[in-house]
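Below is one structure, written out as C-alpha cells, with a few remarks after it.
The values are calculated or read from the model by the stated rules, or taken from the named source; none is laboratory data. Just so you know, these numbers come straight off a predicted model, no measurement behind them. No Cβ is skipped: glycine too gets one built from the backbone with ideal geometry, and neighbour counts run over all protein chains shown.
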Amino acid sequence: MTETTAQELKLKVDSGVYPMDAIQAAAYTFSDRVYIRIARNGGGKEVSLSLKRKAGGADLAAISDEFHNELLHETLRHRISQANKKIREFIVTKALVSAQVPSAPPPATPAETSEADCPECAAEAAQAASQQPAAPVDAELEKEIEKLLSEIEKSGPGGDPLGVAVPWEKKFGAKSKSAAARPAAPKTKRAPKKGKKSR
Amino acid sequence: MSAKASVLDPERLDPVRAGFFRFRRLGQKFLITNDFGRYGFLSDEDFQKFVAGTLDPESALYARLARDGFIRDRMDFDAQISGWRSRNSFLWQGPSLHVVVVTLRCNHRCIYCQSNAVTMGGRDTDMSRETAEKVVDRIFDSTSPALTIEFQGGEPLVNWPVVKFIVEYARKKNRKAGKHLWINLVSNLSLMDDAKFKFLFDNQVNFCTSLDGPADLHDKNRVHAGGSSHAETIRWFKTIYRKTLRKMFRIEALLTVTRFSLPRAKDIVDEYVGLGARGVYLRSLSPLGLARGVWDKIGYTAEEFLDFYRTAFDYILEINKKKTFFEQTARIFLTKIMTDTDPNFLDIRSPCGAGIGQIAYNFDGGVYACDEGRMFSRMGDEMFRIGSVSEGSYAQTVSHPVIKAIAIASCLDNQADCSRCAYKPYCGICPVHCYAEQGDIMGRMPSSTRCRIHKGILDHLFEKLADKKNERIFRKWIKQAKERISYQRQ
C-alpha cells in the first residue's frame, strides 16, 4: 500500500514476501534522496516505511516505483547471498589458510593449471566437470571451515598470524645469512603507484 | 532500477545451480560479476534462465558461466581459490609504499593544494637529517619485500640535502636488506638543476610531476611566483623524458581536474600526447587542503566530472586507432576486470592500503596511516596519526587501532552498499575521503561523490568492453603495465 503527499511517501511492505534485510537494503539505496524511517506494525509481518523528501526535491512518485523494483533486486541479492554463504566462506578461508599453514601446499597458479598446452588434460577436465556431483552440502563445508580455522590458530602467534608486525630483519635476518629463507618477490607485486597529491 | 528490472523474480532462484553473483542493469543487458572478478553480460531471457537454473547445460553460455565460477554445481574450487589468492596477494605483503614529506615549504601556490604547503620562509617544516635516518630505519622494518620511497611535500627539492641523504642511506641499507627498492620523487621540477638530476638519474629515481594541461590552464591552477610553472615543468619533463627513454625508471605526469578543466578535455589529452607521454591520469579533485575551502569555485559534481571523463576517454579511444595511449584509472580497473592480477593501487583496493600497504612520514617524524591522513594533520586533525619514528616500534605502528579501524571501514564486505554492488571485485573506498566528505570513515556510499564517479567510470568501461575492438586496445594497456611488473620482479 502506498500513500504519497507533497513531502512524504508512505509504504507498507509484507516482510513475509520481502525479507527484512532486503527492505533495509532497498531503503538504504535511497538514503541520498530521502530521509527514511522503518517500523514494524505490531507483532505482524507488515512493515511501514516513511520516506521524506530531502532538500533539493526528489520525485516521490518516481521513487515509489523505483523502490518496488529495488525490493525485488535486494530480495534476489539476499537469497543469492544466503544460498552461497558457506561456499564463499570456504573459498576465502581456504585461500587464506593455504598461505600460512606450512604443511598446506600452495594453490596452483593459473599458469600451472592451464590446459592450453594439453588437449588431453582439457578433455579429462571437461569430462570430470560433467560428472561432478552437486557441490558439498553446507554442513560438510562448515566442518571443513572449522578445521581450517583451527589450523590457523595452531600455526601462528595469537593476534598476528601473518607476522605483519614483525620487523624485516627480525623475521628474516641479514641478507648474507638467510637470503634463501626469504620469500620471493610476490607474483603480482609492483612498486605501488601513487598519484602526486597535488602540491 | 529501470522498469526492465521487473524481469527479476526472486522466487525463481535455483540455489543449487546459480552460484554467487552480483548484478547490475547496464543498457539492455544485465551485467553479472562474482567474487573471482569474472563477469558476463546476459539478456533478460538468459538472466531469468540463469537465476532459475534452466539454462541449457550444452550451450556455450552455460560453459562460459561454468568456467567463470557462476554455476554452483560446476565450481572448480582449486581454480577459484587460486584466483582469489592472486587477486588479493597484497594481503600478505605489508606496507610497501612509504611517503616521506621532507618539507612543507613550496614555491608554488596551487589553488587546490591538498597539503596546505607553507611559504618558502617556513624552514621549521624541513625534515632534519636525524629524523630522516630514523624514517629510513623504520621503512626498512617493513615486512614487504618490495619498497617504494616516495618524496612528497611541499616541494621536496626545497630540502635537497635531506632528499640526497635519504636516497644514499636507503641504497646503503638495501645492500644488506636485499629488497626491491624503488624511489620516486614527486616534484613540480621548478628547482631541478643539472647536478640534482645527475644524482637522481644515477640513483635510478623515478620522477613524477604535475601537468594540468595547456599552459593557460596549468598556470591558472598552479601559481608560481617565479614565472610560468608550465614552462618550467615542460622544460624538465622533456629533458628527463629524453634521458630516461630506454630506462625502467622514468618520468610521469599527473593531472588534477578542477572546474576550469571541465570544458578542456581534448586540449588536456592533446597536451599529454604532444609531450610523448604514454598515457594520462584523469584524476578528480579531493576535498582536502585548500581545495576544501574553495570547493564552490573549483569543485564540481560527480556528474560534471563524469561528463568530462567520458569525453576525454572516448577521445583517447580515437587516438588509440593510431597509437597506444592509456587512461590510468581505466587501466587500474581494467587490469582487475580482465586479469587475475591486482595492480595494488592503494586507493582502489579492499581493504585500502592505509597502514597495511602504505605509511606516511611527516617532516617532524610523525607517522600517519596514509598520505591523505597526513594531510588532515595540516588541517588541525590528528585523527590518522599512528605514532612517531622517535618513539615506539614498527610493530606498535602497524598494529595501531587507527589502522584496524581503517581496514575494517575500507573492507568492501563491511559496506552496506558495496558488498552488494556488481563492481565490488574491482573497486575500493578511501576512508579518509569519506571522513573529509561525510565526517565518518565508514562513509555512506549512496551519497558519496567518489562512489558515483567510480560507478560512472565502470559503467563506461563495461559499455566499451562490449566492443571487441576496444577490448584489444585495453589488452595493450594492460600488457604495458605487466611488462613493468616483470621488470620489478628481477
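Quick notes on this structure:
- Within segment B:45-74, residues that are without any contact (Cβ under 8 Å) to a residue 60 or more places away in the chain and farther than 15 Å from B:N34 by Cβ reach partners that are basic (K, R) and not in a helix (DSSP H, G or I) with beta carbons closer than 6 Å, at six or more positions or on different chains, in the pairs B:G53/B:R17.
- Here B:R105 meets the list (1) touching a residue at least 40 places away in the same chain (Cβ under 8 Å); (2) over 18 Å from B:G387 (Cβ atoms); (3) among the charged types (D, E, K, R); (4) facing chain A (nearest Cβ under 7 Å) almost entirely, failing just condition (4).
- Taking each residue of segment B:257-270 that is closer than 15 Å to B:Y281 by Cβ and looking for partners that are among the charged types (D, E, K, R) and buried (at least 22 other Cβ atoms within 10 Å of the Cβ) with beta-carbon atoms closer than 7 Å, six or more apart or interchain, yields B:S261/B:D212.
- Listing of strands (runs of 3 or more DSSP E) fully contained in segment B:321-406 that carry 1 or more residues being closer than 30 Å to B:G83 by Cβ: B:358-361
- Any pair with Cβ under 8 angstrom, 6 or more apart, that starts in segment A:19-45 at a residue that is at pLDDT below 95 and ends at one that is surrounded by fewer than 17 Cβ atoms within 10 Å (Cβ to Cβ) and among the acidic types (D, E): A:R40/A:E46; A:K45/A:D14
- B:E327 passes every criterion in (1) in contact with a Gly (Cβ under 8 Å, 6 or more places away or on another chain); (2) within 20 Å of B:D219 (Cα to Cα) apart from (2).
- Against the list (1) closer than 22 Å to B:I478 by Cβ; (2) without any contact (Cβ under 8 Å) to a residue 60 or more places away in the chain; (3) not in a helix (DSSP H, G or I), the condition B:M248 fails is (2).
- Candidates in segment B:321-354 are the residues that are more than 10 Å from chain A (Cβ to nearest Cβ) and of a type in the set (G, A, S); of these, the one that is nearest to B:H433 (Cα to Cα) is B:A354.
- B:V51 satisfies every condition listed in (1) within 27 Å of B:I332 (Cβ to Cβ); (2) crowded, with 21+ Cβ neighbours inside 10 Å; (3) of a type in the set (V, I, T) except (1).
- Every residue from segment B:297-327 that is among the acidic types (D, E) and over 19 Å from B:S448 (Cβ atoms): B:D314, B:E318, B:E327
- Taken over segment B:275-298, the criterion of being in contact (Cβ under 8 Å) with a residue 12 or more places away in the chain and either over 20 Å from the mean Cα position of the chain (by Cα) or more than 26 Å from B:C208 (Cα to Cα) (or both) is satisfied by B:L275, B:G276, B:L290, B:R292, B:V294, B:K297, B:I298.
- Boolean, B:S190 is touching a Gly at 6+ places or on another chain (Cβ under 9 Å) and surrounded by 15 or more Cβ atoms within 10 Å (Cβ to Cβ): yes
- Taken over segment B:71-103, residues that are at pLDDT 95 or above and either of a type in the set (D, E, K, R) or assigned to a loop (DSSP other than H, G, I, E, B) (or both) amount to 1.
- Answer from B:A416, B:A436 - the residue that is farther than 26 Å from B:L147 by Cβ, in a loop (DSSP other than H, G, I, E, B) and of a type in the set (G, A, S): B:A416
- Boolean, B:V99 is of a type in the set (A, V, I, L, M) and crowded, with 18+ Cβ neighbours inside 10 Å: yes
- Residue in segment A:1-21 that is within 23 Å of the chain's Cα centre (by Cα), assigned to a helix (DSSP H, G or I) and surrounded by fewer than 18 Cβ atoms within 10 Å (Cβ to Cβ) present: yes
- Selection over segment B:176-199 of residues that are of a type in the set (A, V, I, L, M, F, W, C) and within 14 Å of chain A (Cβ to nearest Cβ) gives a count of 8.
- Checking each residue in segment B:419-429 for being outside any loop (DSSP other than H, G, I, E, B) and under 20 Å from the mean Cα position of the chain (by Cα) picks out B:K424, B:P425, B:Y426.
- Residue list for segment B:314-327, filter: surrounded by fewer than 21 Cβ atoms within 10 Å (Cβ to Cβ) and within 22 Å of B:C451 (Cα to Cα): B:D314
- Within segment B:406-435, the set of residues being surrounded by fewer than 22 Cβ atoms within 10 Å (Cβ to Cβ) and small (G, A, S) comprises B:A407, B:A416, B:S419.
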